[in-house]
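Just so it is clear, none of the values below were taken in a lab; they were calculated from the coordinates. None of these values were measured; they are calculated from a predicted model. Positions of Cβ are generated from backbone atoms using ideal geometry, with glycine treated the same way; all protein chains shown enter the neighbour counts.
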Amino acid sequence: MSRSRGALRRMFIVQKIWYGIGLLALMTFWSIPTIIAHVFRPNTDSITKPIAVAKPESAQYPTHDQYEALMLFGRQCAMCHNWDGSGKIGIAPSIGNRDFLALSSDEFIKQTVREGRVGTAMVPRRDLTNAQLDQIIGHLRSLHPKEIKPIAVDPLLSFDGVAEQGGPKYAAYCSSCHGPNGEGYTAGGVGPGIGLPGFLEQVSDDYILQTVKHGRVGTPMRAFIGSQGLANLAEEDVHDIIAFLRQRNPATRAHYEEDMGLALYDRHCAMCHQSEGRGKVGLAPSIGNRDFLALASDQFIRRTVRRGRVGTAMAPRPDLTDRQLEQIITYLRTLPGDAVAAIHVDEDLEYDGDGAHGRAVFATYCSPCHGVNGEGYAAGGSGPAIRMPGFLNVVSDDFIFKTVKYGRTGTPMRSFIGARGLANLAEADVRDVISFLRNR
């Protein structure tokens, strides 16, 4: 009897153990989806917080695309920037920050990822596809439940600050976080390297200004401009700081000017003058040509852009600032590759030739390209209009003479003077042509 009671007791204990194991397995099975949903959903609620019954199921569980984007960000970015994009002070900035995302366009972020940041741990990531970058950016923007209102940033805007005045201001307000020379983390600073080429070559002056103006909520980077700013700086103070940063690295300044010049050229000039200033026969001359750039001074180019060319598609451009014109000219002068030796042009020199003889010379050697009356493209010619007021009011006699003497390499405009010239003209013949053009 006692033996049977012992057997029953053992069976009862075994049943309880198995029931316990089954219950534990059931609880674990049903809790896994809930845990996953809490861990991988965009917000940062604790996984112990109960899910409200009223919430739709789609809010509890990440979609497949959301999960894939999170995992991609985790593999490629989270090591430095953290899983929530909050960054790590002294290592990487917060790229999930609301103010960063308001200032940074998708294209800006893509460029930063592809090019990296020279001088930092941010290496170029050209291995990532455009679709992968879209996933990562989409994940960053999904971290904020409310839509972020973009802050307009002009990628071409630059300021004329005074670097000498910017140095002391940088030392007083910026160096404690970004390092004495803007080296950032490498100098033990808590802020990124804003004086490094990898940063300065990618951001515009306006991007820096807007960052200082708005700050970065939740980070040591506070707003510094205005009465509510940490330092009550004026925008002009920030212009000076930007000039100081860019002047510290002449190569950075040169690259920046060239890059800005290229962007401005593409926006304002390339439609007619084509990529790299090659020009288009019958439409616009080659302004990237080494012979043109040897003859054309910076002042000549400025004057031409400001006045335009009356009677042609070249309209006056008073809207471009002096700084923008300088950047365009800087870019143009990089196009020939090697340095171009300038050819002196006397702006005041005038020739007194025989206009009647010049008409005959023009008809024979010039009119096939420039038109019977020098109307150029308007008359179906392959060369520009050289008898129109818009041209003659800008160029000197010596500019025309030396253009005929040296020609334009790589274009239909060859040299016409001397034994090696296309027509073996004498210098007096060219002076006569100029007199004809000017109706002397």
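The label-point distance for residue 171 and residue 419, in a model that sets each label 7 Å from Cα toward Cβ, rounds to 6.6 nm.
In order along the stretch 203-211, the phi-based Karplus estimate (6.51 cos²θ - 1.76 cosθ + 1.60, θ = phi - 60°) of 3J(HN,Hα) comes to 9, 8, 4, 5, 4, 5, 4, 5, 5 Hz; Gly and Pro are listed as x.
Taking 0.36 nm per residue of separation and subtracting the Cα-Cα distance, what length does fully extending residue 144 through residue 63 add?
Details: separation 81, 0.36 × 81 = 29.16 nm, distance 1.67 nm.
Answer, rounded to one decimal: 27.5 nm.
The phi torsions of the stretch 302-311, fed into the Karplus equation with coefficients 6.51, -1.76 and 1.60 and a -60° offset, translate into couplings of 4, 4, 5, 5, 5, 8, x, 10, 4, x Hz, rounded to whole numbers, with Gly and Pro shown as x.
The phi-based Karplus calculation (6.51 cos²θ - 1.76 cosθ + 1.60; θ = phi - 60°) puts the 3J(HN,Hα) values of the stretch 284-296 at 7, x, 7, 9, x, 5, 5, 6, 5, 5, 5, 7, 8 Hz, whole numbers, x for Gly and Pro.
Taking packing as the residue-averaged number of other Cβ atoms within 10 angstrom, the listed peptides 330-336, 289-295 run from highest to lowest as 289-295, 330-336. Backbone amide hydrogens, once placed in the peptide plane, bring residue 425 within less than 5 Å of 417, 418, excluding anything fewer than 5 places away on its chain. Simple point charges give the picture: +1 on the Cβ of Lys and Arg, -1 on the Cβ of Asp and Glu, and for the stretch 130-280 a dipole about the Cα centre of about 440 debye. So for the stretch 253-332, taking the charge dipole from beta-carbon charges (+1 Lys/Arg, -1 Asp/Glu), which of 305, 324, 288 sits furthest toward the positive end? After comparing all options, I get 305. Can you give the FRET efficiency for residue 79 and residue 298, using 1/(1 + (r/R0)^6), R0 = 45 Å, r = Cβ-Cβ distance, to the nearest 0.05? For R0 = 45 Å, the calculated efficiency reads 0.40. Could you tell me whether the stretch 128-211 comes out rounded, prolate or oblate from its Cα gyration tensor? Rule is a ≥ b ≥ c as square roots of the eigenvalues, rounded for a/c under 1.5, then prolate if a/b exceeds b/c, otherwise oblate. Verdict is prolate for the stretch 128-211. Counting Lys and Arg as +1 and Asp and Glu as -1 over every other residue whose Cβ lies under 12 Å from the Cβ of residue 192, the net charge comes to +2. If R0 equals 35 Å, the separation of the Cβ atoms of residue 272 and residue 236 corresponds to a calculated FRET efficiency of about 0.45. Take the Cα of residue 359, step 7 Å toward its Cβ, do the same at residue 190, and the gap between the two points is 8.3 nm.
In terms of the Cα gyration tensor, with a ≥ b ≥ c the square roots of its eigenvalues, is the stretch 63-248 rounded because a/c is under 1.5, prolate because a/b exceeds b/c, or oblate? Cα axes put the stretch 63-248 in the prolate bin.
Nearest 0.05, what FRET efficiency do residue 394 and residue 281 give at R0 = 22 Å with Cβ-Cβ as r? Write out the running numbers ahead of the final one.
Working: r = 21 Å, r/R0 = 0.97.
The computed FRET efficiency comes out at 0.55.
Name the shape class, rounded, prolate or oblate, that the alpha-carbon gyration tensor gives for the stretch 375-440, where a ≥ b ≥ c are the square roots of its eigenvalues, rounded holds for a/c under 1.5, and otherwise prolate holds if a/b is larger than b/c and oblate otherwise. Oblate shape, in that a/c is at least 1.5 and b/c is the bigger or equal ratio.
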